[in-house]
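Read-outs throughout are calculated quantities, based only on the coordinates presented, and are distinct from any laboratory measurement. All figures in this text were calculated on a predicted structure; none of them were measured in a lab. Cβ placement follows ideal geometry from the backbone for every residue including glycine, while neighbour counts extend to all protein chains displayed.
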Amino acid sequence: MALFVTIVVFFAAGTAAWGAPLEVPPTAWSGSGHKIVAAAEFDDGYGLYVFDIEGRGGGFIPFQHRILAMKWASKDGPLCLLARHANGRHYLWLANPSGIIKRLSERPVYVYDTPSANLFDWSPDCRHVVFASDTGGNVDLWRVEIEYGWEKRLTHAKSKDFSPAWSPNGKWITFCSERGGTRGIWILPADAGPARKVTDGPEDEEHPAWSPGSDRICFLAKGRREGIYTVAVLGGGRKPIAIGGRNYAAPVWSSTGKWISFVYGNNAANIFCTPVKKAKGWGPYFQTTFDQGQQVSTGLRVPAWSPARDQLVYATLDEGRLSIRVASLSEDHGAAWRNVYTAPRERLKHKPFKKTGGG
């Protein structure tokens with residue numbers, strides 16, 4: 001059965017009147033695929049709206065801080081939120097469909113200047129979250145334990161280490177590092193041990209994300225041949241997935257391993273997908289979103305794959321109205337997308353975002 005979710009959402013983007021750029025709300029899919037959540041403003045106010053796979057509301061969780069990104073643990077475990085507080089710093093929080101559980105990180109999370117799928121990430125056993133922080137005098141990777149909140153520093157390099165992603169088999173953490181003077185893709189044993197570089201390009205490389213089999217990493221390379229590539233964890237040359245043009249970001253491997261999605265173009269709202277087996281660098285590409293650049297601000301939006309199907313869920317704009325769309329991907333037929341809900345114009349009230357409390 002195709003998965004279609006009906007949601008009514010409006011994100012408080014700090015704008016006071018209709019016509020100003022609308023910031024698309026972040027969404028997340030539960031580990032079981034039975035629920036999704038959107039950080040939005042509806043009749044109940046700003047917070048988290050949780051829905052089942054039929055689009056029925058499963059609850060509203062009020063929240064006082066702006067949410068930039070969300071990731072749901074597997075097996076319908078907790079939801080991890082990255083929230084910006086009124087003091088301008090970012091912290092991790094835990095929530096579930098019943099409400100906010102607690103603030104998770106004591107130290108602030110490092111958020112850099114380009115959209116990424118991995119500002120933080122869950123361990124596969126859902127016991128830890130890895131993130132980057134600059135509180136130790138440098139930007140390093142940290143791990144926080146879920147139950148008690150214990151934080152442990154994982155890297156001690158003099159250069160910035162950030163954008164971590166935990167391998168599905170739990171053995172490795174990949175990240176972007178500026179060791180050596182350029183940004184490159186590195187991996188670190190999750191239990192302990194030295195880090196090593198896995199990419200061989202001379203230009204900047206960033207936005208690492210794992211294949212479901214934990215044997216390859218996709219990433220963005222900048223420079224003369226900018227685009228999305230993959231590389232084997234054990235080493236070897238990189239394979240082009242999508243090259244040509246400029247402004248790539250946020251590659252994400254689908255849970256089935258068949259697809260890699262990424263943001264492309266001057267408008268950071270537009271998501272493209274390419275089948276991994278057929279990708280030769282110059283296509284085929286399938287566009288799934290068609291937002292207008294002058295209508296939407298999406299600095300941190302990244303693709304959200306279903307945990308079990310070749311489907312993406314995301315918020316978008318249709319002729320100025322906020323909608324939820326599910327895109328189903330087929331290697332033979334490309335992307336088939338469908339609006340599952342479009343909010344009436346009168347629901348878009350553009351209330352200014354109210355900053356309340358920090359720390």
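Annotations for the structure displayed:
- Legend: residue pairs Lys75/Lys171; Lys75/Lys239; Lys35/Lys102; Lys71/Lys277; Lys197/Lys277; Lys160/Lys222, Cα-Cα distance threshold 23 Å; pairs beyond threshold, Lys75/Lys239; Lys71/Lys277; Lys197/Lys277.
- Computed 3J(HN,Hα) for the range 239-251, one whole-Hz value per residue from the Karplus formula 6.51 cos²θ - 1.76 cosθ + 1.60 where θ = phi - 60°, is 10, x, 10, 8, 10, x, x, 9, 6, 7, 6, 6, x, glycine and proline marked x.
- Here's the picture: charge each Lys and Arg Cβ at +1 and each Asp and Glu Cβ at -1 in the range 145-196, and of Phe162, Ser177, Pro189 the one pushed furthest to the positive end of that dipole is Ser177.
- Diffusion coefficient of the range 22-347 by Stokes-Einstein, Kirkwood radius over Cα pairs, 10 °C, 1.306 mPa s: 80 µm²/s.
- Highest average packing first - 202-211, 81-90, 236-245, Cβ atoms within 10 Å: 202-211, 81-90, 236-245
- With a Förster radius of 25 Å applied to the beta-carbon distance between His333 and Trp282, the computed FRET efficiency rounds to 0.80.
- Cβ-derived FRET efficiency at R0 30 Å, Lys75 paired with Ala157, nearest 0.05: 0.35
- Ala190 long-range amide H proximity, modeled H, under 5 Å: Trp172, Ile173
- Gly193 sits among other residues whose Cβ lies under 15 Å from its own Cβ, and their net charge, with Lys and Arg +1 and Asp and Glu -1, is +4.
- Summed side-chain charge close to Arg179 - residues other than Arg179 whose Cβ falls under 14 Å, Lys, Arg +1, Asp, Glu -1: -1
- Of the residues Pro240, Val326, Ala69, the one whose Cα sits farthest towards the positive end of the charge dipole of the range 22-347 is Pro240 (charges of +1 on Lys and Arg Cβ, -1 on Asp and Glu Cβ, taken about the Cα centre).
- Dipole magnitude of the range 152-194, debye to nearest 20 (Cβ charges: Lys/Arg +1, Asp/Glu -1, about Cα centre): 120 debye
- Neighbours of Asp125, meaning other residues whose beta-carbon lies under 15 angstrom from its beta-carbon, give a summed charge of 0 when Lys and Arg score +1 and Asp and Glu score -1.
- Counting beta carbons within 10 Å around each of Ser330, Ser133, Ser177 and listing the fewest first gives the order Ser330, Ser133, Ser177.
- Averaged over residues, the count of other Cβ atoms within 10 Å places the peptides 189-196, 121-128, 140-147, 308-315 in the sequence 308-315, 140-147, 121-128, 189-196, highest first.
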